[in-house]
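Student: I'd like to ask some things about the structure below.
Values quoted throughout were computed directly from the atomic coordinates according to the rules given, and no laboratory measurement underlies them. For clarity, every value in this text was computed on a predicted model and none was experimentally measured. Neighbour counts run over all protein chains shown; Cβ positions are idealised from the backbone, glycine included.
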Amino acid sequence: MAARYDRVVKTLCAGCHCTCGVIAYVKDEKVVKVEGDPDFPQNEGFMCAKGLAITQMLYDPNRILYPMKRKGERGEGKWERISWDEALDIVAERLLEIREKYGPSSITWSWGDAAYHCSKVTKQAWLRAVGSNVRFHSDGHYCYHPMMIANNLTLGSAITSEVGPDYRNSKCILLWGGNPVASHPTRARDIMLAKKNNGAKLIVIDPRMHELGAKADLFLQIRPATDDALALGMLNIIINEELYDKEFVDKWTIGFDELKQRVQEYPVERVAEITWLPVEDIIKAARMYATIKPAALHNRLGVQLRYNNIQTMRAIACLPAITGNLDVKGGNVYHYYPPGFKSLGMLLNEIKLPDEDQGIDAQQYPLLTGSRSLALNPCHPPSVIHAILTGKPYPIRAVWALNNLVVAMEDTIEVIEALKKLDLLIGSDYYMTPTMELCDVLLPPCTYLEREEVEHLFYPNYIAARRKVIEPIAETRNERWMDFEIMKRMGLELPKEFKNEEEYHDYILKDMGITFAELKEKGIIHEPLTYRKYEQKGFNTPSGKIELKSSILEELGHDPLPHYKENPETPVSAPILAEAYPLILITGVRHVFYFNGANIQLPWLREIVPEPLLEIHPDTARQYGLKDGEMSWIETPRGKGRTKQRVKYTEALAPGVVHAPSHWFYPEKRGEEAYLEANINYVTCNDPPYDPISGAVPVRGLLCRIYSAEE
Amino acid sequence: MAGKKQLKLVLDEIWCYGCYTCEIACKQEHGLPAGPRLIRIEREGPKRINGRLQMEFKLATCRQCPEPDCVEACPEHAIAKREDGIVSIDAGKCNYCLICVDACPYGALQPNPDKQVVQKCELCSHRLAEGLQPACVSHCPIDALVVESE
């Protein structure tokens, strides 16, 4: 075996948020194969489909391999290869001009998910040095951050996200609006292991039947965006049938009596009517979750990509809270790191931007952005786009795009208009996406196999080192190196915490008393696993208890108790509009191959899922005269155009509900052809009403109409 | 024709959850381009059966037939059934006429346009020879794929 490879390097995958252990096999300085690391506790040798496809990206001739500057008009597709020196000098010079003319907060960067977590901290240090207070996280209002807000308000930590559930030790798993097979593959494996090894029961709540729905003991096909009503109905049953953990509730929660009173408004019959679920299924789900112990709960995008997302997830968070499933083996476990370790959240918090509370919409959404943020402090993304367009509350003239904003954000036409209006658009992505096409300068990043850093795992008590496997290919570079170089060339003061990459890694570990070199040597460091940590420290909320009634929401003038509210435009809230747009649309169900917008260029993956398929129940399709496999137009009341996807008959969805995948574009095409035809965000909207706490816009549970696009 | 030991790939459908890992692991192991898919997991459903929404995952790959139609069909005699039951293609003899592709009732024979040869699942016989499991089996997250010996 040894002769077949020159080197074997253990490192960490960055294909999604899982951070699995990887073994990379190198021959002639080329990564010829990757595999899951069997010694790594989190994935135990497993590596998912998209993780295995990394070598296709690494050696793809279509990857952006050199710095380039635009020739001709924006989006014309004409580029000139330039040196790093020239590229960085252009960027630094133009950023200084823009700062001089429009002020420091006219400069920002848009962080995405494909690979760019690695430079969040150094980008923030750069922004701080520039003097900007604009953090542009294009999905900050409806992905992860709202869950942080809702969980932090209620439980003191984001433990109903993928990091909290202790699946492998669980006897009952409740998956709510999330499919880890697609979004967090190693967690899907944990769920299946719990079924196989513990006989765990699985409850899945989702409008769309998915892979784990197929394995569920109980599948609840809920009407899109009515999860708030269902959670309140389940709480009603659990409380009224006295299935809750009285001792825990008495000792460790506040607001139980008020919650009890509130849930009386949600008797099961009413909830069944709202959610389209059978009464007996709701009762069964509530009883199963409350009585089979320990139970682990996970909620994700399905309950976040909507209006009222904070109250929805607050209601869901009350379930583990009152059933005694918090911080117990097999329940939802609180994270902690080896003492002294600086997590991403702590680092971002240390490197404060100036005038945080004067940032875009900080006054409107103080729990999202500003000094009181309970999330990772993103500005309200639609308001950033609107600031670019209107100059209000202040102008934004330069964006460094590290994601594919054109397809990722709602209202493609508006986003493109905004990007074209900028004085400077810098791009760092692996491929020439529709967003990169609009850039002035491209600074090509390297993949995780070509860089090193500190990471932490889903496991509550682990950190690990990502090791560099090969040197960056062609002229791709580590994004953090770019950050330091641009700071230097702009003549900015380098961060006092770390002046270069080496110091950056060491800074994260410094209070642990070890260096990054030592962590790389060890590979992984963990603390003994402990439960019921609250008995010593209480919970990380203002009261130190689980806040069923939220003191922070009360203080800010919001409803302190969870409630149900329809999305602004549904057949229930807008029946007249629904006559013209009779179908309920959910957008952006994730696929295991594509990490949001990433990987669409990889041949192994693309051949299996070559195009977005508009999923529709056969009865509904026939009602609207749509044939299986034909192209159809999709229109929404707020869309500026119409988009086209191929009809796929499936009973995965209830009649009357359709699903259109998001983030689609055709990488083999250029310009509008590439991003308008397949992209569902061509028909979504970035305008109010926004959720009053998170600022979310609904992209699940909209209205739409569909008709044949065949002549 | 069949020898004593007959190897074939079997999927425990109870545990397979359609993660596609086996398919991409196979691509990596054999350095395949887009096109040939030597193993596939096909979805049946979701369909409502007796009021319950169901979806199943089925293995679609070479069945290493006892009397393979592809062996009969190949004009170059490039395909043979081995002692251990594995149906194997001699790439050197394959002239890419694709007659075997049509002959297989299961769609298991896959043209590789880059190499101009037909390929199929041979249970990673090179790995079996080293005492390893086929790539798909070793990558399956839930041990749902196994090589059975009949």
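Student: Using a 10 Å cut-off around each Cβ of peptide A:205-213, what is the average number of partner chain Cβ atoms that fall inside?
Tutor: Counting Cβ atoms of other protein chains within 10 Å of each residue's Cβ and averaging gives 3.
Student: Something else now. Which entries of A:LYS30/A:LYS420; A:LYS421/A:LYS644; A:LYS215/A:LYS549 have Cα-Cα distances beyond 30 Å here?
Tutor: Pairs exceeding 30 Å: A:LYS30/A:LYS420; A:LYS215/A:LYS549.
Student: Still on this structure, please answer the following. In the stretch B:46-118, which chymotrypsin sites (Phe, Trp or Tyr not before Pro) fall in coil by DSSP and have 16 or fewer other Cβ atoms within 10 Å?
Tutor: B:TYR96, B:TYR106
Student: What is the protein assembly as shown by shape, rounded, prolate or oblate, if you read a ≥ b ≥ c off the alpha carbon gyration tensor as root eigenvalues and call it rounded for a/c under 1.5, prolate for a/b larger than b/c, and oblate otherwise?
Tutor: Judged from the Cα gyration tensor, the protein assembly as shown comes out rounded (a/c under 1.5).
Student: Given H placed on each backbone N at 1.01 Å, which residues far from A:LYS648 in sequence or on other chains put an amide H within less than 5 Å of it?
Tutor: A:LEU614, A:GLU615, A:ILE616, A:GLY629
Student: Grab the DSSP H runs of chain B that are 4 residues or longer, score each as -39,500 (n - 2.57), total them, divide by all residues and round the 222 nm result to the nearest 500 deg cm²/dmol.
Tutor: So the helix-based figure for chain B works out to -4500 deg cm²/dmol.
Student: Pulled fully out, how much extra length does the chain show between A:THR390 and A:LYS293, if you take 0.36 nm times their separation in residues and subtract their Cα-Cα distance?
Tutor: 29.5 nm
Student: For A:ILE413 and A:LYS101, what does the FRET efficiency come to when R0 = 35 Å and r is the distance between their Cβ atoms, rounded to the nearest 0.05?
Tutor: Efficiency, rounded to the nearest 0.05: 0.80.
Student: Putting +1 on Lys and Arg Cβ atoms and -1 on Asp and Glu Cβ atoms, find which of A:VAL9, A:ALA408, A:HIS505 reaches farthest to the positive end of the dipole of chain A.
Tutor: Highest projection toward the positive end goes to A:VAL9.
Student: Let me ask another. Sequence neighbours fewer than 8 away in the same chain don't count; with that in mind, list the lysines whose C-alpha is under 21 Å from A:LYS499.
Tutor: A:LYS120, A:LYS123, A:LYS342, A:LYS352, A:LYS468, A:LYS488, A:LYS510, A:LYS520
Student: Taking loop as defined by DSSP and a crowding limit of 16 other beta carbons within 10 Å, which GluC sites (Glu not before Pro) in the stretch A:241-328 fit?
Tutor: Sites meeting the loop and neighbour criteria: A:GLU241, A:GLU242, A:GLU265.
Student: Something else: Please order A:MET346, A:MET147 by the number of other Cβ within 10 Å, starting at the fewest.
Tutor: With the sparsest Cβ surroundings first, the list reads A:MET346, A:MET147.
Student: For the stretch A:326-370, run through the trypsin sites (Lys or Arg not before Pro) and keep only the ones in DSSP coil with at most 15 other Cβ atoms within 10 Å of their Cβ.
Tutor: Answer in residue order: A:LYS329, A:LYS352.
Student: Which whole-Hz ³J(HN,Hα) couplings does the stretch B:54-63 yield from phi under the Karplus relation 6.51 cos²θ - 1.76 cosθ + 1.60, θ = phi - 60°, glycine and proline marked x?
Tutor: Listing the rounded values in order: 10, 9, 10, 10, 10, 7, 10, 7, 4, 8 Hz.
Student: Treat each spin label as a single point 7 Å out from the Cα along the C-beta direction, and report the A:GLU350 to A:ILE283 distance in nm.
Tutor: 5.5
Student: Now, a different point. So for the pair A:GLN623, A:LYS30, with labels modelled 7 Å out along Cα→Cβ, what separation do we get in nm?
Tutor: The modelled label-to-label distance comes out at 5.5 nm.
Student: Under 5 Å between amide H atoms, partner at least 5 residues away or on a different chain: which partners does A:LEU12 have, H built in plane at 1.01 Å?
Tutor: Under 5 Å from the amide H of A:LEU12: A:VAL22, A:ARG467.
Student: Going 7 Å from the Cα of B:ASN50 toward and past its Cβ, which residues in the stretch A:218-240 have a backbone nitrogen under 17 Å from where you end up?
Tutor: It comes to A:218-219, nothing else.
Student: Here's another thing I want to ask about it. Where a Cα-Cα gap under 22 Å defines reach, which lysines qualify for A:LYS329, not counting those fewer than 8 residues away within the same chain?
Tutor: Once the sequence-local lysines are set aside, what remains near A:LYS329 is A:LYS171, A:LYS195, A:LYS196, A:LYS201, A:LYS246, A:LYS251, A:LYS293, A:LYS533, A:LYS537, A:LYS545.
Student: Of all beta bridges DSSP finds with both residues in the protein assembly as shown, what is the antiparallel percent, to the nearest 5?
Tutor: 65
Student: Sticking with this one: Going Cα to Cα from B:LYS81, which lysines come in below 27 Å? Please leave out same-chain ones fewer than 8 positions away.
Tutor: Cα-Cα hits under 27 Å: B:LYS4, B:LYS5, B:LYS8, B:LYS27, B:LYS58, B:LYS93, B:LYS115, B:LYS120.
Student: I would also like to ask the following. In whole Hz, with x marking every Gly and Pro, tabulate ³J(HN,Hα) for the stretch A:589-604 from phi via Karplus 6.51 cos²θ - 1.76 cosθ + 1.60, θ = phi - 60°.
Tutor: 5, 7, 10, 4, 6, 10, 8, 6, x, 7, 6, 5, 8, 8, x, 4
Student: Still on this structure, I have one more. HN-Hα J couplings of the stretch B:37-44 from phi, Karplus 6.51/-1.76/1.60, θ = phi - 60°, integer Hz, Gly and Pro as x?
Tutor: 10, 6, 9, 9, 10, 9, 9, 10
Student: Count, for each residue of B:43-54, the Cβ atoms from other chains sitting within 10 Å of its Cβ, then give me the mean as a whole number.
Tutor: Taking the mean over all residues of the peptide, I get 4.
Student: Each label point is 7 Å from the Cα along the Cα-to-Cβ direction; what then is the distance between the points at A:GLU269 and A:ASP39, in nm?
Tutor: Going by the 7 Å Cα→Cβ label model, 6.4 nm.
Student: Before rounding to the nearest 500, sum -39500 (n - 2.57) across all DSSP H runs of length at least 4 in chain A and divide by the residue total; then give [θ] at 222 nm in deg cm²/dmol.
Tutor: Mean residue ellipticity at 222 nm (helix-derived): -8500 deg cm²/dmol.
Student: Moving on. May I ask for the angle, rounded to the nearest 10°, between helix B:21-30 and the longest principal axis of chain B, with both axes built from Cα atoms and the value confined to 0 to 90°?
Tutor: 20
Student: Ok, one more. Within 10 Å of each Cβ in A:36-42, how many Cβ atoms from other chains are there, averaged over the peptide?
Tutor: Averaged over the peptide's residues, the number is 1.
Student: Working out 0.36 nm times the residue gap between A:GLU611 and A:LYS496, then minus their Cα-Cα distance, what length gain in nm do you get to one decimal?
Tutor: My answer for the length gained is 36.6 nm.
Student: Applying 1/(1 + (r/R0)^6) with R0 = 30 Å to the Cβ-Cβ distance of A:TRP276 and A:GLU668, what FRET efficiency is obtained, to the nearest 0.05?
Tutor: So, using R0 = 30 Å, E works out to roughly 0.15.
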